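What follows is a single structure, written as structure tokens, with notes after it.
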């Protein structure tokens, strides 16, 4: 009887551990190497850029159809226009023009794609300092 009870407990534990294992995601998944970047301190008028790298960690081709920014001071460029096979990667370069900006800047870039994952945004920050007069 004790052996039967031990067997039932063992089988029950196995059943629940199998039921809790994650299911593989079907479809493309956009996975960022780093989804945030901090330019730290820059001066008003500086133009800076950063390249965000990603991998398609899904099981089907990833297609990026659009990249949107929150203001004209931010420009996305250089993202792949062709499908990205599973396991392959790509880059998205984002430039920021700090002219007319001052203080802490938080910018969001939204990526429209066929990804089944939730990582459809990258963000960057910068602390824009007032440009000092070069005449003094």
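The numbers here are math on the coordinates, done by the rules we state, and not lab data. What you see is a predicted model, and the numbers here were worked out from it, not measured in a lab. Here the Cβ is made from the backbone with ideal geometry for all residues, glycine too, and neighbour counts use every protein chain on show.
Apply 1/(1 + (r/R0)^6) to the Cβ-Cβ distance of residue 44 and residue 85, taking R0 = 35 Å, and write down the FRET efficiency to the nearest 0.05. It would help to have the intermediate numbers written out before the result.
Details: r = 43 Å, r/R0 = 1.22.
The calculated FRET efficiency here is 0.25.
With N the number of residues in segment 30-129, Rg(Cα) / (2.2 N^0.38 Å) evaluates to 1.12. Of the peptides 73-85, 27-39, the ranking by mean beta-carbon count within 10 Å, highest at the top, reads 27-39, 73-85.
Between residue 102 and residue 35, the contour length at 0.36 nm per residue exceeds the Cα-Cα span by 21.8 nm.
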